[in-house]
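Here the structure comes first, spelled out in structure tokens, and everything after it is commentary.
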Amino acid sequence: MDNLPKNNITKMSRKKVLTENSTKGLNVIKHVSGKFVNKGYYGIVIPDSKEIRRDIIIYPDDINGAENGDKIFCEILNPGDIDYQFSDLKGRIINVFGKAGIPDVEVQSVMAKYGLTKVFPNAVLNEVKNIVEQFDLEGRVDLREKLIFTIDPFDAKDFDDAISLESDKNGNYVVGVHIADVSFFVRKNSALDNEAFRRGTSVYLVDQVVPMLPEIISNDLCSLKPGVDRLTFSVFITLNEKCEIIDFKFSKSVINSKYRFTYEEVQQILDSGKGVHEETLRQMYNISKALTDDRINSESLDFDSKEIKFELDSKGKVKEIKIKPRLDSMRMIEEFMLLANKCATLYVSNRQRETNMRLPFIYRVHDDPDPDKISELNKFIVQFGYNLNISASKPGKKKLRKLLQLIKGKPEEYIINDLAIRSMAKAVYHEKNTGHYGLGFDDYTHFTSPIRRYPDLVVHRLLAYYLSEKPTQMHRDIVYNLKTVKEICIHSSSREQNAIAAEREIIKIKQIEYMKNKIGGEYEAVISGIIDRGLFVEIIDILVEGLIRFKDIEGDYFIYDEKNHYAYGRKTKKIYRAGDVVNVKLISVNIETRKLEFMLV
């Protein structure tokens with residue numbers, strides 16, 4: 001929320017943030033959002049938090065003008081008692097957003113709940129005022145005459161990566177990936193750097209962005225807009241005719257983007273064979289396709305999940321929900337970014353072998369899945385006729401890869417995909433290079449998005465230091481020790497999960513806002529899960545999920561067979577399984593609880 005109190009986390013020092021995030025499980029919840037209920041002589045707050053499942057008492061002096069039914073943000077006065085079941089929790093209302101159930105109010109509440117604010121501290125704003133666009137090009141490779149361009153979503157404003165393609169004298173491909181040099185403007189331990197660290201990541205909330213960096217940096221000075229000189233950190237990756245890496249080189253550089261493509265424009269050019277820079281784009285696509293095929297045919301898991309996009313009217317209200325198309329142009333950029341991230345890690349790994357030293361660095365790692373979760377996945381997919389045939393002690397990656405290939409194009413594809421993803425460990429930032437299970441990479445980091453991810457910014461600083469043969473004082477100032485890198489990894493992983501949770505909640509609010517005037521509407525849906533109370537269904541065209549209660553299915557009494565993963569009617573013997581396509585009618589919408597209910601038709 002933009003008007004969070006001044007004593008909120010926005011003023012926290014880096015040391016305090018690190019301390020509170022360094023030990024999993026020891027964080028104390030001090031603020032919650034919730035609904036205020038006036039009890040006459042006092043009030044209570046019903047928290048939104050899943051961690052706090054009892055009401056918070058608010059005495060009259062701490063109500064702060066809240067009225068019955070308001071959505072509020074509350075400070076817990078005795079957070080140390082949260083784990084004591086029989087202790088009363090007491091609170092003080094800090095912000096009042098408005099009546100619960102109103103979409104905009106619910107969005108404000110979610111932002112407060114996750115500590116998101118678009119307002120930057122005065123110290124940061126004052127520092128930004130002194131940043132000028134003038135820069136010294138000494139030591140930079142001048143690429144301003146090269147054909148370099150960006151490819152991004154049509155509504156993007158922060159262009160942090162650009163690409164190029166050339167051939168060397170031996171006929172090899174040289175793929176250039178050029179990333180905004182954010183570290184030039186955001187110096188270590190500045191107010192701007194401390195705030196970027198605190199935020200950890202930009203957060204995308206359907207109709208707005210909570211940026212990691214002020215817009216003058218993210219959308220202007222560091223954004224690789226066409227026709228203007230911009231500082232970049234480039235990697236030139238040499239590939240042979242089989243698109244295998246034979247060499248790569250990192251350099252600080254300056255570019256002048258020649259074109260700002262959207263994904264849709266590039267896709268149209270690829271499909272039609274006509275358009276600006278068609279030949280270069282075609283070569284880039286062919287290279288990316290070879291990279292994709294090689295990755296998928298070796299060790300990478302190819303999960304294919306659906307995502308939605310919202311079309312908004314002039315007032316910011318949702319007028320339509322669509323499934324995002326999975327364009328080849330998107331895959332092309334993803335492959336080049338994967339390649340750049342991989343090379344950044346390979347460079348550090350090579351330097352470590354050369355120096356026989358462990359160099360502080362941030363890795364993006366993904367552990368092997370928990371065998372128990374894979375076993376549960378196997379039990380679930382048996383109902384569809386699949387079997388991983390795995391032992392209890394091995395994750396069986398080859399069999400997982402085969403499963404993902406077998407379900408391609410099947411009705412159950414996305415249900416199994418989603419469950420398989422949930423069976424995986426979460427990818428996190430780590431100071432040790434343990435590899436990336438999902439991608440099948442031994443070496444991987446995040447280098448390509450320093451405008452919106454803090455770990456990428458640190459990776460840029462570390463790479464610049466390791467690349468410099470004669471480090472300047474500025475280079476020495478950016479050195480991190482292993483302990484600090486570990487703390488940054490823990491905090492950044494936590495902020496990433498915080499952002500993901502906030503984004504999901506806002507998506508759910510927007511979906512429900514769209515559906516609230518559609519009660520009685522009929523839809524084709526797929527059964528996405530079954531519990532003892534009923535069937536979860538997801539509307540196929542817009543991915544909106546809700547529940548059909550067994551008690552609302554007429555003509556029979558249904559029972560959930562947990563062992564065999566289906567529901568059956570006691571009288572009719574009718575069976576419902578996950579993946580079955582059904583016709584449903586929307587019967588209720590509740591934006592406060594984020595729930596929709598359907599009935600079969």
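Throughout, read-outs are computed from the coordinates displayed, never taken from laboratory work. This is a predicted model, so every value here is computed, not measured. FYI the Cβ positions are ideal-geometry reconstructions off the backbone, even for glycines, and counts take in every protein chain you see.
Near Phe598, the amide H atoms lying under 5 Å from its own belong to Leu547, Ile548, Arg549, Ile587; only residues 5 or more places off or on other chains count, and H is placed 1.01 Å from N.
The label-point distance for Leu327 and Tyr59, in a model that sets each label 7 Å from Cα toward Cβ, rounds to 6.0 nm. Computing FRET efficiency as 1/(1 + (r/R0)^6) for Val174 and Glu320, where r is the C-beta to C-beta distance and R0 is 41 Å, gives about 0.45. Sequence-ordered 3J(HN,Hα) estimates for the range 321-332 from the Karplus curve with 6.51, -1.76 and 1.60 and θ = phi - 60° stand at 10, 10, 7, 5, x, 9, 7, 4, 5, 5, 4, 4 Hz, glycine and proline given as x. Computed from point charges on the beta carbon alone (+1 for Lys and Arg, -1 for Asp and Glu), the dipole magnitude for the range 371-424 about its Cα centre is near 320 Debye. What is the ratio of the Cα radius of gyration of the range 63-198 to 2.2 N^0.38 Å, with N the residue count, to two decimals? Its radius of gyration relative to the 2.2 N^0.38 Å reference: 1.72.
A simple rule links phi to the HN-Hα coupling: the Karplus curve 6.51 cos²θ - 1.76 cosθ + 1.60 with θ = phi - 60°, which for the range 224-235 gives 7, 6, x, x, 10, 6, 9, 7, 9, 10, 9, 10 Hz, with x for Gly and Pro. For a straight C-alpha distance cut-off of 25 angstrom, the lysines reachable from Lys408 (same-chain residues fewer than eight places away being disregarded) are Lys289, Lys306, Lys309, Lys322, Lys324, Lys373, Lys379, Lys394, Lys397, Lys398, Lys399, Lys426. Residue separation of Ile519 and Lys410 scaled by 0.36 nm, minus their Cα-Cα distance, works out to 36.2 nm of gained length. Residue by residue, the range 216-222 carries 3J(HN,Hα) couplings of 4, 8, 5, 9, 10, 4, 9 Hz when phi is fed to the Karplus relation 6.51 cos²θ - 1.76 cosθ + 1.60 (θ = phi - 60°); x denotes Gly or Pro.
Compute the Cα gyration tensor for the range 494-587, then decide on rounded, prolate or oblate, letting a ≥ b ≥ c be the square roots of its eigenvalues: rounded whenever a/c is under 1.5, prolate when a/b is larger than b/c in the other cases, and oblate in all that remain. Note, shape of the range 494-587 comes out oblate.
The H on the amide N of Val203, modeled in the peptide plane, is under 5 Å from the matching H of Val210, Met212, each at least 5 residues off or on a different chain. Shape analysis of the range 371-424 yields a ratio of the Cα radius of gyration to the Kirkwood radius, Rg/Rh, of 0.92.
Take the Cβ atoms of Lys188 and Gln208, set R0 to 30 Å, and the FRET efficiency comes out at 0.55. Full extension of the chain between Met599 and Phe303 gives 103.5 nm of extra length, using 0.36 nm per residue less the Cα-Cα distance. Taken about its Cα centre, the range 522-600 carries a charge dipole of about 380 debye when Lys and Arg each add +1 at the Cβ and Asp and Glu each add -1 at the Cβ. Applying 1/(1 + (r/R0)^6) with R0 = 60 Å to the Cβ-Cβ distance of Phe154 and Tyr557 gives a FRET efficiency near 0.70. Computed over the alpha-carbon atoms, the chain gives an Rg to Rh ratio of 0.98, Rh here being the Kirkwood radius from the mean inverse distance. With K and R counted +1 and D and E -1, the other residues having a Cβ less than 11 Å from that of Thr434 yield a net charge of -3. Estimated at 0.36 nm per residue, the fully extended path between Asn126 and Tyr41 surpasses their Cα-Cα distance by 26.1 nm. Think of the chain as having a plus end and a minus end, set by charges on the Cβ of Lys, Arg, Asp and Glu; of Gly438, Thr572, Ile451, Thr572 sits farthest toward the positive end of this dipole.
Centre-to-centre separation between the Cα atoms of the range 210-231 and those of the range 515-537: 43 Å. Dipole check for the chain: with +1 at the C-beta of Lys and Arg, -1 at the C-beta of Asp and Glu, and the Cα centre as origin, the magnitude is about 1160 Debye.
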